[in-house]
Structures are given as structure tokens and as C-alpha cells.
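Only the coordinates and a few stated rules stand behind these numbers; no lab work does. None of these values were measured; they are calculated from a predicted model. Please note: Cβ atoms are built from the backbone with ideal geometry, for glycine as well, and neighbour counts cover all protein chains shown.
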Amino acid sequence: MASIQKLPNGVKITVFCGIGLDGRQIRRCTTYKPDPRLRGSALDAAIDAYAARFEQLVKSDPAADVNVSLGVFGQRVIADKAANGAITITTEDRYNDMFARISAEIGKMRVVDVKPSNIRKLLDNLREGNNGTYARGVVSTDDYRAAANRRTQSALSADARVAPKTVARAAEGLPVRRDCADKLAAAVGLSFDAAFLPVTVSKRPLAQKTVLEHYHLLHMIFAQAVIEDLITSNPTDKVVKPSARPVKTVECLAVDELRAIIAALEGESLLWQCILRLMIELGERRGAIVGLLDRAVNTADCTAQIMTTIVSIGGQAVQKANPKTKNSERTAYFSAETARKIDDWRAERDSIKDAVGDLWTDTGYLFVGEYGKPLHPDSVTKWLGKFAARHGFRHLHPHMFRHAYTTLLVANGLPITTVAAAVGDKQQTIIDRYIHSDKKYAGKLANDLISNLLYEPNKK
């Protein structure tokens with residue numbers, strides 16, 4: 001039975017676990033700070049319940065660390081989810097970014113000590129923002145990468161006892177956890193300070209939707225703590241769930257604007273002619289367009305297999321095995337004119353490849369930059385800004401073409417199921433996000449549709 005010792009600010013609970021090899025008793029201890037509002041029998045009942053739960057946990061799993069901090073436990077939960085394939089690499093990176101903010105506030109607290117009031121205060125601070133910075137992991141130095149490159153990633157992973165994916169992230173200069181960085185630095189024979197540099201990010205007020213994402217992450221972490229019997233209930237259940245603001249409306253491009261943009265493309269390079277034509281005709285995200293595999297685009301039947309995407313992680317372009325959602329994997333169709341442009345681009349690309357010789361790297365992508373390297377998704381956004389300025393268009397953003405494509409499909413009477421399949425999205429997303437258009441252009445879109453339906457067939 002657990003023994004309870006009163007302390008000035010709580011109680012110390014000790015559980016006897018047996019006899020060790022040295023003949024000494026094995027004890028597991030923890031401290032508990034009950035609600036200061038409890039008195040008398042209610043206080044005794046709360047202490048007894050906590051002691052009984054602690055004793056049950058120790059006896060069921062003597063190796064369990066009941067005093068683990070939220071910072072350590074949360075990182076482990078995220079890493080386990082990624083290792084088991086429950087979350088993607090981009091989601092893992094996003095979770096690590098959010099958890100860095102969480103750890104800066106309550107990461108040093110034990111999991112068992114985190115109360116709903118602590119979470120409410122954290123969420124309020126995220127909404128309001130404040131001065132200062134928080135740690136966002138560490139990134140490798142040139143010295144580390146030089147030392148690591150002299151070994152295979154599998155060997156380094158085995159020596160350091162970290163996941164191969166973590167070794168790859170460190171080699172690419174992407175953020176990794178401090179505990180993993182310590183092991184990697186030791187494995188290559190460097191001090192931590194010589195091998196890694198901390199990444200700090202300025203704190204700022206977060207959007208309500210982002211605050212909600214932090215709430216969901218905390219809920220997931222504490223749900224795992226409940227499963228492991230560290231706590232009996234999820235403290236986030238007693239916190240009012242932040243409400244996300246309505247999805248911001250994306251400006252829509254009218255048909256005459258799209259035609260003007262296509263006409264203006266004739267003066268641009270073949271690379272960007274093809275990229276923008278596909279964005280207009282497929283309504284696809286920028287990462288999926290620059291992530292098109294060369295073998296997946298068939299100009300004979302004007303089809304493109306959407307199967308890979310390129311995402312930005314830690315400021316660098318990283319290939320992702322699958323598109324954003326499962327529905328995004330599909331066959332898309334483009335025009336014969338765009339097919340001819342793609343054939344011309346392939347011929348131009350091959351001539352560049354022959355000119356640079358051994359400096360060229362075959363990455364397998366249809367669209368590549370200097371020496372065959374894949375294009376960064378941000379390059380599309382930057383090029384569109386310059387293109388719009390050159391030709392006098394209003395500000396253009398890649399997602400405007402996806403929004404216009406979907407809105408035009410809906411406006412022309414296609415069923416929601418057909419539209420969702422064409423754009424590779426969920427039906428509910430189409431309903432919530434795309435069955436509207438910017439008010440400024442709604443009338444123009446309606447007029448284009450009516451004019452095309454009523455008058456275009458009569459034109460000779």
C-alpha cells in the first residue's frame with residue numbers, strides 16, 4: 001500500500017516495488033499538490049484517489065516514468081505518431097513547431113501536474129502574443145554535415161540510436177530535437193556546440209485557427225497520457241475549445257482575367273508557360289504542379305497522374321510521397337495546346353541537360369530548375385508576383401487559380417461529387433470553401449456563364 005507523507009505544499013506518495021539485486025528496497029515516489037480549495041474529507045479523498053492511481057500505475061508498469069515532464073512526453077508522442085505512420089512528415093514538422101511554443105510555457109511541468117487552468121492561460125498567451133523568443137529545435141552546422149557525410153546514414157542512425165529520418169533531417173539542415181542532436185553530435189565525434197545551432201522564433205499573436213490547432217495537439221498528447229495511465233482524465237476536456245474563425249475567402253479570377261493571363265504567357269519562358277497553364281487547367285496546388293513526375297505526364301492523351309507533391313519544410317523543398325490528401329491522388333486532364341507546350345519544354349530541358357553535362361542531376365521531375373534540381377513551391381508564388389507586375393494584373397496568388405477553377409465548375413452546374421473528384425478534395429471542403437466566390441467577381445462570373453450559354457452557340 002502506498003505511504004503518504006504530508007509536505008508544506010502537498011503530499012509525497014511512496015510505493016514499494018520489491019527488492020533489487022543489491023538487496024535494497026525499490027521505491028517509487030511522486031508528489032501531489034491537491035486543489036487548495038479542498039478541505040477535510042474531500043481533501044483526504046482526493047489524496048487517497050491519487051495515491052491509489054499512482055500505486056496502480058507503478059505496479060502495472062514499474063519502469064513507467066510518472067514524473068515525466070510535458071516537454072519530454074509530448075515530443076515522444078509526436079515522434080511515435082510519425083514513426084507509426086499516423087501522421088505525415090509535414091504534420092510532424094507542424095506539430096513540432098506548435099509544441100515548441102507549448103513547451104516554452106508549460107513544457108517543464110510534469111504531465112500529472114498540468115491543470116485546465118494552465119492550458120487556458122497558455123491558449124490566452126498564444127492569442128495575445130508577447131515579446132521574446134522560443135526554441136524551435138536545432139539545426140546542423142557545416143562541420144556536422146561534413147563529418148556526417150563521411151558515413152552512411154544507416155550506420156550513423158545505428159550508432160546514434162536515432163531514427164534514420166532524423167539523421168536525414170539533420171543532414172539536410174532541417175530542425176531536429178535537442179536530445180537527438182546530442183546523440184548525433186557524439187556519434188560524429190563533435191561537441192554539441194560545434195555540431196548544432198539553436199533555432200529561435202519570435203513570439204507573436206496567433207490566428208484563432210492556429211490556437212485551435214494547438215488545442216487539438218494538446219488534446220492528442222494528454223489522450224495518450226490517459227491511455228498510459230499517467231492521468232485519469234484529459235485536462236483539455238475541461239477547457240473551452242477555441243472557435244476557429246470562418247475560412248478566409250480567396251479572391252476569384254473571372255473568365256476574362258484568365259484569358260488575359262493565358263495570352264500574356266506567350267511572352268514568358270516555356271517552363272512558366274507550362275506551370276501556369278497546368279495550374280489554370282487542373283486547378284491544382286502549387287506543390288503538386290512542381291512535384292509532377294516526368295513519367296506521370298502523358299502528352300499523347302493529355303493526362304497527368306497526380307501522385308507526388310513538393311512541400312516546404314524548414315524553408316527547404318522536400319519531396320513528399322503523397323499529395324496533401326488521399327483524394328488528391330487522381331488522373332487529371334489538360335488541353336492539347338498545353339500538351340504541345342510541355343513537349344517543347346521537354347525538348348528545351350533536354351538541350352540544357354546536354355549543355356551542362358555531368359553537373360546535371362536527374363530528379364525525375366517534369367519541371368526543374370538549374371542543373372535539374374526540383375523547384376521550390378515558393379518559387380511559383382514569387383514568379384507570379386513578378387509576372388503580375390510586368391503585365392499590369394492585380395496581385396496573383398497560386399491558390400486563386402484553384403479557387404477560380406472550382407468555382408467555374410460549380411457555376412456550370414457540375415454535381416458536388418464530380419467537382420470534388422476533379423479537384424481532388426473532400427465534398428464538404430467544396431461546400432464550405434468553394435461554393436462561393438468573391439463578391440466583387442460573383443456578378444462577372446454569372447454574366448460570363450449566361451453569355452456563354454445564351455450567345456456563344458449563335459456565333460458563326
Stretch gain in nm, segment GLU268-ASP159, where the contour uses 0.36 nm per residue and the Cα spacing is subtracted: 34.1 nm
Under 19 Å from a label point 7 Å along Cα→Cβ of THR299: give me every residue in the range 330-351 with its amide N that close. 332-351
Within the range 204-305, which GluC sites (Glu not before Pro) sit in a loop by DSSP and count at most 10 neighbouring Cβ atoms inside 10 Å? none
Extension reserve of the CYS17-GLU337 stretch, reckoned as 0.36 nm per residue once the Cα distance is removed: 107.6 nm
Setting aside same-chain residues fewer than 8 positions from LYS386, which aspartates and glutamates have a Cα under 18 Å from its Cα? GLU257, GLU266, GLU268, ASP378
For the range 70-238, the Kirkwood Rh over every pair of distinct alpha carbons, in Å, works out to 16.9 Å
Between LEU414 and ARG259, with labels modelled 7 Å along Cα→Cβ, what's the label distance in nm to one decimal, could you check? 2.0 nm
Which translational diffusion coefficient, to the nearest whole µm²/s, is obtained for the range 150-244 from the Stokes-Einstein equation, given a Kirkwood hydrodynamic radius over C-alpha pairs, 20 °C and 1.002 mPa s? 131 µm²/s
Would you mind checking the pairs LYS183/LYS209; LYS115/LYS209; LYS81/LYS373 and listing those with alpha carbons more than 25 angstrom apart? LYS183/LYS209; LYS81/LYS373
Subtracting the Cα-Cα distance from 0.36 nm times the residue separation, let me have the gained length for ALA49 to ARG346 in nm, one decimal. 99.8 nm
The range 365-417 to the range 75-118: how many Å between their Cα centroids? 34 Å
